[in-house]
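First up is the structure itself, then whatever we jot down about it.
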Amino acid sequence: MTARMIWLKLALGLIFGLGLGWWLAPYFAGTKAIDPIWLTLGSFQLYWYGLLMAVAVLTGFLLVTKLSQRYARLDPDATFYILVATAFGGVLGARLLFVILSWPLYAQQWSEIWQIHHGGMSIHGAIIGGAVSFYFATRHFKLTRLDAWRLMDLVTIALPLGQAIGRFGNFFNQEAFGGPTALPWKMFVAPAFRPTDFAQWSYFHPTFLYEAIGNVAIVAILWQCCIRRGAVPGTAVLWYLILYSSLRFIVEWWRVDSLTLGWLTLAQWGSLALIVLAVSILVYRRMTVSQHHGN
């Protein structure tokens, strides 16, 4: 990539960021009300949450399809069906794990289980569901282990990008925000959405935005350090688990709506488990390579 193209992309990114900030400013200040409904057609309503989730999945799908032609060189039909299965498994896993963890709530309101536009998706469930679906799909199409890891690396590049887009669904639902704050980038939350313990506060940490920005940074890191440099297949997957889990662990300190277990939230425990798993595999791979060269 030429220096001119790099500067052009940086300029476009800056323009997009400034435009997004200009658009969000009145909502953050509380001068403009946040409406979770995107479009109303008679009695039918389309929600921002569902729209952004669909955009996130579609964007990731198109990105991986394009990258796979250049970096994986797999059969396009097989790639298509594997990605469809992975996306479906990810969405199903994300909702299923959230419902399980919040079962006391859904046990009293069964109809809410299907109301995905109201929010309630677990990224850890998405990772598990997507990984399981990906495994069985690649086995069905008889991909070699190396090709499967190459494709998974590309899926991993698209995943945090989709997460960054999807987090804005939390913004429109006024959920997944942090504790009260007076910082310049504070976010107004309507009284109906404030936790009981913080009902007297008006402005909160926009943790959805913290995570969205962090996910964009993760995309850039994985792309530059793993894909462009031709790292060993599977490296991007492991570093995604480390980077995103670290980001989520930190952001969770500000969240006020997370389920807790002991002195950490469930998301933090899950993040720690993924960090330990990924680091262990990286260390094992490094030791295996070292022993191979030593012999």
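Odds and ends about this structure:
- Members of the stretch 52-79 that are in contact (Cβ under 8 Å) with a residue 60 or more places away in the chain, hydrophobic (A, V, I, L, M, F, W, C) and assigned to a helix (DSSP H, G or I): L52, M53, V55, A56, V57, F61, L63, V64, L67, A72, A78
- Within the stretch 257-268, restricting attention to residues that are closer than 20 Å to F198 by Cβ and of a type in the set (G, A, S), the residue that is surrounded by the fewest Cβ atoms within 10 Å (Cβ to Cβ) is S258.
- Listed here are the helices (runs of 4 or more DSSP H) enclosed by the stretch 98-193 that have at least 3 residues being surrounded by 18 or more Cβ atoms within 10 Å (Cβ to Cβ): 123-140, 145-173.
- The selection criterion, being surrounded by fewer than 21 Cβ atoms within 10 Å (Cβ to Cβ), among the hydroxyl-bearing types (S, T, Y), touching a Ser or Thr at 6+ places or on another chain (Cβ under 7 Å) and under 30 Å from P104 (Cα atoms), does not hold for S271.
- Residue match in the stretch 199-218 (condition: under 23 Å from V91 (Cα atoms), in contact with a Cys (Cβ under 9 Å, 6 or more places away or on another chain) and not basic (K, R)): no
- If you go through the stretch 197-208 and keep only what is under 18 Å from P184 (Cα atoms) and either among the charged types (D, E, K, R) or surrounded by fewer than 22 Cβ atoms within 10 Å (Cβ to Cβ) (or both), you end up with W201, S202, Y203, H205.
- Residue count for the stretch 28-46, restricted to those that are over 23 Å from the mean Cα position of the chain (by Cα) and either in contact (Cβ under 8 Å) with a residue 60 or more places away in the chain or surrounded by fewer than 11 Cβ atoms within 10 Å (Cβ to Cβ) (or both): 10
- Cβ pairs under 9 Å, 6+ apart, first in the stretch 91-116 and in contact (Cβ under 8 Å) with a residue 12 or more places away in the chain, second of a type in the set (K, R): I113/R95; I116/R95
Computed from the coordinates by the stated procedures, all read-outs in this text should not be read as laboratory data. This one's a predicted model, so the numbers in the text were calculated from it and none came from an experiment. Virtual Cβ from ideal backbone geometry, glycine too; neighbours counted across all protein chains shown.
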